[in-house]
Structures are given as structure tokens and as C-alpha cells.
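Trainee: Questions regarding the structure given below will be posed in turn.
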Amino acid sequence: MTARPKLLITRRLPDAVTKRVSAHYEVELNADDHVMSADELLTRAQGKDALLVTPVDKITPELVEKLPASIKMIATFSVGFEHINVPALKAKGIKASNTPDVLTDATADIALLLLLGAARRAYEGERAVREGTWKSWSTVYMLGVHATGKRLGIFGMGRIGQAVAKRARAFDMTIHYYNRSRLAPELEQGAIYHKTAEDMLPHCDFLSINAPGGPETQHWLNADRIAKMPDGAIVVNTARGGLVDDTALIAALKSGKLFAAGLDVFENEPNLNPAYRELSNVFLLPHLGSATIDTRNAMGFKALDNLDAFFAGRALIDPIA
Ligand code: 8YV
């Protein structure tokens, strides 16, 4: 029997995934699921053939430089891979994969939940009922923004953006989008393409952010861009916190320029800008985009499918390096 590949798994995996991986690999697990420092990761990577990481593990050029030569493959349990320095991996001949597709629906579902939750003041309403401050029905109590029939702008029309559009169509929303390249008509499905994001913003009663994170999109939604949106618009972010300039968004939520926001992701998670906690017109979730049992199992299995392919000498299914 050939030796089983040795794998360092940096965070706890769903049980079904741990069971499968343990049957085929010699695994080192992170028993208490803490976030490993770069030093710990490097120490525990000694003697391993591959790493299974998540976005909390920062695979920087410095870390890649110090990785033991035995590491040949890194699979990330995520679709986003801005935490992985791909050029550094390529330079060292290390392969890498991510987990696209399987989390598209779950993340788009959360975007709609945030869109509706922000528009209809779900957080304030929930709190009023729970805390007993709801005294009587009234024609003018806790009025929100009507979503059906409004215009939704999507920044980043990849798989998740398209799945958000599909759901928004059920609310008779008109879809506007900005993407690096225009989609084919069968994917566009009548959505209105804008050559620049700036052209799209005045049409956004709602804005859903669905573009990848990283230096190119850092603080994309800033004060200038918010100023281009209609007054009383609503922002939803299920992509990466770094796309939003928190100071600008918080100012717009405070001034009433924006009616509300729904956020599942934050810069420096979980240490979000504390001003968000003080605002009642922001609907906050702790990065739950892909957090369903089915989806997290599927993400784990996809990461393993890629590792299996690599160790069987086949091409990766979802290569990023
Ligand atoms: C995950 C995500 O919750 O896949 C991604 O890029 O942001 C989320 O779906 C998380 O990153 C799991 O590792």
C-alpha cells in the first residue's frame, strides 16, 4: 500500500468532511479550531504534503517562501482566494484550488435576506418585539423601503452576482450591473450592462456587492461613489468587507443619504468598525454567506476532490495556481 498523503487542515471541518478526509489522508487537525499564526502554520506544515486552509490563513509571499519543500498543494475551503498570493505559489510550483459553484446559491440567498432585512427594518422590528417596546399597530410605525419593482445594481456579475439577479427578478426588480466584461445575452437575461460602475450607481435603489476582494477592489464603495447613488438607497455586501470604506458607509447611514445597509462581511473580521453596532439601520450578520450544512459539506468535499485529483496525478478541478 502506498503511503497516504500528509495533510495539515488549519481549521475544523464539518464532520462528514473530516470523516472522508481521514479515510484517505494522514491528517493533522486543529482540535480547538483556533486561528493559527504564520509561525504555527509553518511549524505544523513541516513534513506535510499539502495544506487545507481557509480565508483566515494568510498565505503571503513571505509565508510561501518559508514553506517546507514537501508542500506541493494548497486547497482553500472558500471561493474567495485573495488571502492566497497566487504568483508566489506559481513561482514555487505549488498548486492551489478553491471551491466555486457550490456556495453560489447559499450566498445569493443571504444577499436577498440582507436586502429585504435592511429594506424592511428586520433588525429593528425583531428587537422591538423581543424587548417589548412594540406597543400597538400603527399606520406609520417602522416604515421601510419597498423592494418589489425597484432597481438593483450588481457590482460583480460572476456566479454569485448572477444568482442574486435571478432571485431579484422574482421581486420584479430591474437589474443593472457592472462587470469587467459584459455577459453573453443568455447569462445577462435582460440585465442592463454599464461600462463603468460610476455609470451604474445613479440607477441603484439597491446595490449588491459581489466582486472579489483584494487590492484592486479595496475600498471601492467610497464617499464619492456613495454620492452618485440615489438618496435613500440600500447597500448589501456579501463579498468581502474590504470593498467598502467603512467610514464613508457609516457617514452615509448616519446622514440618511443611505436608508440602510445589510452586511455579512467586514474589514478585519470579526473586529468590525464598532460604529456599525450603534446604528439601527444596518442589518449585520457574522459572515454566514455559505453557512448551511449542505453548502459547507459541499465546500469541504470540493476541496477534497481537488486534493484527490492532485494526488492521483490528475488536473485540478478548480485550479487557482
Ligand atoms: C466562507 C467565503 O464562509 O468562500 C468564501 O470565499 O467567504 C465564505 O463562503 C468562508 O470563507 C469559509 O471558509
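The values are calculated or read from the model by the stated rules, or taken from the named source; none is laboratory data. These numbers come from a predicted model, not from an experiment. Don't worry about glycine lacking a Cβ; one is built from the backbone with ideal geometry, like all the others, and counts go over all protein chains shown. Remember, those area values only see protein heavy atoms, side chains included, never the ligands or the DNA or RNA. Shrake-Rupley method; radii C 1.70, N 1.55, O 1.52, S 1.80 Å.
Trainee: Roughly how tilted is helix 104-119, in degrees to the nearest 10 and between 0 and 90, from the longest Cα axis of the chain?
Mentor: The two axes meet at around 30 degrees.
Trainee: What lysines does Lys150 reach when the alpha-carbon gap must be under 18 Å and sequence neighbours fewer than 8 apart in one chain are set aside?
Mentor: Within the straight-line cut-off, Lys150 pairs with Lys166, Lys228, Lys257.
Trainee: Given the options Gly300, Gly242, Gly93, which has the most mean-square fluctuation in a GNM of the chain, springs set between C-alpha atoms less than 10 angstrom apart?
Mentor: Gly93
Trainee: Rg and Dmax in Å for the chain, alpha carbons only: what are they?
Mentor: My reading of the Cα-based Rg and Dmax gives 21.4, 74 Å.
Trainee: At Glu124 and Ala223, where each label point lies 7 Å from the Cα along Cα→Cβ, what is the point-to-point distance in nanometres?
Mentor: In this crude spin-label approximation the distance works out to 2.6 nm.
Trainee: Can you give the Rg/Rh ratio of the range 114-193, where Rg is from the C-alpha atoms and Rh is the Kirkwood radius?
Mentor: Working: Rg = 16.8 Å, Rh = 14.6 Å.
My calculation puts Rg/Rh at 1.15.
Trainee: Based on alpha-carbon centroids, what's the gap between the range 40-81 and the range 265-321 in Å, whole number please?
Mentor: With the range 40-81 and the range 265-321 each reduced to a Cα centre, they are spaced 16 Å.
Trainee: Rounded, prolate or oblate for the range 212-270? Axes are the square roots of the Cα gyration tensor eigenvalues, ordered a ≥ b ≥ c, and the cut-off for rounded is a/c under 1.5.
Mentor: prolate
Trainee: Another one. Where does the chain land at 222 nm, in deg cm²/dmol rounded to the nearest 500, when only DSSP H runs of n ≥ 4 count, each adding -39500 (n - 2.57), divided by all residues?
Mentor: About -10000 deg cm²/dmol.
Trainee: Near Lys58, which lysines are there with a Cα under 20 Å away, not counting those fewer than 8 places off in the same chain?
Mentor: Within the straight-line cut-off, Lys58 pairs with Lys48, Lys66, Lys72, Lys90, Lys92, Lys95.
Trainee: For the Cα atoms of the chain, what angle does the longest principal axis make with the long axis of helix 122-131, in degrees from 0 to 90, nearest 10?
Mentor: Approximately 80 degrees, to the nearest ten.
Trainee: Determine the shape class of the range 20-101: with a ≥ b ≥ c the square roots of the Cα gyration tensor eigenvalues, call it rounded for a/c under 1.5, and otherwise prolate if a/b is greater than b/c, oblate otherwise.
Mentor: Verdict is rounded for the range 20-101.
Trainee: Still on this structure, please answer the following. For the range 134-265, what D do you get in µm² per second when you plug the Kirkwood radius from alpha-carbon pairs into Stokes-Einstein at 25 °C and 0.890 mPa s?
Mentor: 161 µm²/s
Trainee: Rounded to whole Hz and in sequence order, give me ³J(HN,Hα) for the range 94-99 from the Karplus expression 6.51 cos²θ - 1.76 cosθ + 1.60, θ = phi - 60°, writing x for Gly and Pro.
Mentor: Once rounded to whole Hz, the list reads 8, 7, 8, 9, 10, 10.
Trainee: Mind listing which trypsin sites (Lys or Arg not before Pro) in the range 216-285 are in a DSSP loop and have 16 or fewer other Cβ atoms within 10 Å?
Mentor: Answer by residue number: Lys228.
Trainee: Right, here's the next one. Only loop residues by DSSP count here, and only those with at most 16 other Cβ atoms within 10 Å; note down the chymotrypsin sites (Phe, Trp or Tyr not before Pro) in the range 151-187 that meet that. Intermediate values should be presented prior to the final figure.
Mentor: Values: sites: Phe155, Phe171, Tyr177, Tyr178; in loops: Phe171.
Here the sparse-neighbourhood loop sites are Phe171.
Trainee: OK, next. Give me the distance in nm between label points sitting 7 Å out from Cα along the Cα-to-Cβ direction at Asp172 and Tyr141, one decimal.
Mentor: 2.8 nm
Trainee: Could you state the accessible area per residue of the chain in Å², with a 1.4 Å probe and every protein chain left in place? Please report the intermediate quantities before stating the final value.
Mentor: Numbers: 15550 Å² over 321 residues.
I get 48 Å² per residue for this part.
Trainee: Of the accessible area of the chain, with the probe set at 1.4 angstrom, what percent is carbon plus sulfur?
Mentor: Here it works out to 55 percent.
Trainee: Moving on. Could you give the length gained by full extension between Ser181 and Glu26, i.e. 0.36 nm per residue of separation minus their alpha carbon distance, to one decimal place?
Mentor: On the way: separation 155, 0.36 × 155 = 55.80 nm, distance 4.30 nm.
Result: 51.5 nm gained on full extension.
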